[in-house]
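Structure first, then comments.
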Amino acid sequence: MTATEINRAVDRSGLRPVGVPAEIVVARDVAEVQETVRRAAASGLPLVTRGAGSGLAGGAVAGEGTIVLDLSQLTRIRAIDAVDGTAEVEAGVITADLDAAARAHGLFYAPDPGSVGISTIGGNIATNAGGLRGAKYGVTRDAVLSVDVVLSDGSLVRLGRPTIKGVTGYDLAGLVVGSEGTLGIIVAARVRLLPVPRRLATASAFFASLEDAAHAVAAIAVSGARPAVLEILDGATLAAIDAAEGTALRERGDALLLAQTDGFGAAEEMGVVIEAVAPTAAHHEWTEDADRAADLLHARRQALPALERIGRPLIEDIAVPRSRLAEAIRGIRLIADRHEVPIFVFGHAGDGNLHPIIVVDDQVGDLPEGAVRAADDIFALALSLGGTVTAEHGVGRLKREWARRELGEDVVRLHDDIKRVFDPRGILNPDSAY
């Protein structure tokens, strides 16, 4: 296989499969997807579906004897309806491209993952991706009305509804969202679009410590304000961004909160946010200038690329109740000290979602033992605080065992039963999720 073909057998998680796939299919239309699934069902070969390969949990990693089904060429935006506020899109559409097309109609697509410029709608739906605007607008599932799914026998069904409201039957569309290719192949979707906010206000607040920033998040939560964006970055991450971008963020504090309010009352709501953070912030400012706001959010989106410049990041994704955010941050600091590994922390503070990133030497093949133990301790910490081991990146291959611990035996059995109904031969991404 060529290097390009081998790259289609991995994702951004850094996980490397054993062996090479038996076949790679780059589907050009839904009929080709159906035919590929039928061949996999007839042969019994496992089938791994991928979009852009931007996943971070190993969900699109394909090893020996596997058929890789690449949907990246299903790129049609079939329709945008400004009155209904919906779009019909194929699975391979890049998230940012859908948002740009919607904005031409005065609308926008709310889910806003950090990989918005490279990830596909199908991949976002398969992992129930979150993103920067999740604090107000939720995750991908909140934007999905229906999905076109190729089942494990090759048949095509539409799950969900064309309307904003509807309660007929079980919510099978909601079940498929986040199923990571284990229940069916998502080839298209109808998604919700929202009116572009008339006003935006964006704020930055620097703090002497990450714990102070976490306390400010709690203050915002009870203030009555509901920012669309509320992001947190620690000092080590700020220093990495400075090195990559030539900025000077780290000089202003050991933690940064970025907040954005939107809508007709954006400025008034931002006033409430500033009042909440002022008692603990070392410095704060806010703006309605679009260029300045774009610069601030660009810095946040550069956090992971900046860390990738200094080593191999082990990208974790936990969430805890917002009331326990400060405890989680203190616990992560203790884990870093105990195992003597560098851990960088940033994430979506508005919904308690943290990304503790362990960075190791990218010349080392296997992960160092200290890094592995630190990751396990981070997952255990999240569960001990009433949280989850994955908030938006998915389970994939990397977190199967921890997901089973979180769910418990009875719920895992229920997952297994559902899997057998959708995929009786067990061919759909069998090594991922559960």
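The values are calculated or read from the model by the stated rules, or taken from the named source; none is laboratory data. Just so it is clear, the structure is predicted and the values come from calculations on it, not from any experiment. Using ideal geometry, Cβ is built from the backbone for each residue, glycine included, and neighbour counts are taken over all protein chains shown.
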Item to check | In the stretch 382-394, residue nearest to the chain's Cα centre (by Cα) [restricted to those that are part of a helix (DSSP H, G or I) and surrounded by fewer than 21 Cβ atoms within 10 Å (Cβ to Cβ)] | outcome: L383
Checklist entry - Looking at H283, is it surrounded by fewer than 23 Cβ atoms within 10 Å (Cβ to Cβ) and in contact with a Leu (Cβ under 9 Å, 6 or more places away or on another chain)? => result no
Item to check | Single residue of the stretch 307-347 satisfying the filter (among the basic types (K, R) and surrounded by fewer than 18 Cβ atoms within 10 Å (Cβ to Cβ)) that is modelled with the lowest pLDDT | outcome: R312
Checklist outcome for this item: Reported set for the stretch 4-45 where residues are of a type in the set (S, T, N, Q), crowded, with 16+ Cβ neighbours inside 10 Å and closer than 30 Å to I358 by Cα is S13
Checklist entry - Identify, please: which residue in the stretch 230-271 is hydrophobic (A, V, I, L, M, F, W, C) and assigned to a strand (DSSP E or B) and is, among those, surrounded by the fewest Cβ atoms within 10 Å (Cβ to Cβ)? => result L258
Checklist entry - Is it true that some residue in the stretch 213-229 is farther than 23 Å from G350 by Cα, of a type in the set (S, T, N, Q) and outside any strand (DSSP E or B)? => result no
Checklist entry - Taking the stated definitions as given, is V395 in contact with a Ser or Thr (Cβ under 8 Å, 6 or more places away or on another chain) and either assigned by TED's automatic domain parsing to the domain that holds E211 or touching a residue at least 40 places away in the same chain (Cβ under 8 Å) (or both)? => result yes
Checklist entry - When the stretch 182-196 is examined, which residues are found to be closer than 30 Å to A266 by Cα and either in contact with a helix residue (DSSP H, G or I) (Cβ under 7 Å, 6 or more places away or on another chain) or without any contact (Cβ under 8 Å) to a residue 12 or more places away in the chain (or both)? => result V191, R192, L193, V196
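Each row is one residue, and each column tells you yes or no for (1) farther than 21 Å from V150 by Cα; (2) not polar (S, T, N, Q).
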{"position": "R16", "(1), (2)": "yes, yes"}
{"position": "R28", "(1), (2)": "no, yes"}
{"position": "E32", "(1), (2)": "no, yes"}
{"position": "T36", "(1), (2)": "no, no"}
{"position": "A41", "(1), (2)": "no, yes"}
Next on the checklist: Tally up the residues in the stretch 122-162 that are assigned to a loop (DSSP other than H, G, I, E, B) and touching a residue at least 40 places away in the same chain (Cβ under 8 Å), please.
Outcome noted: 13
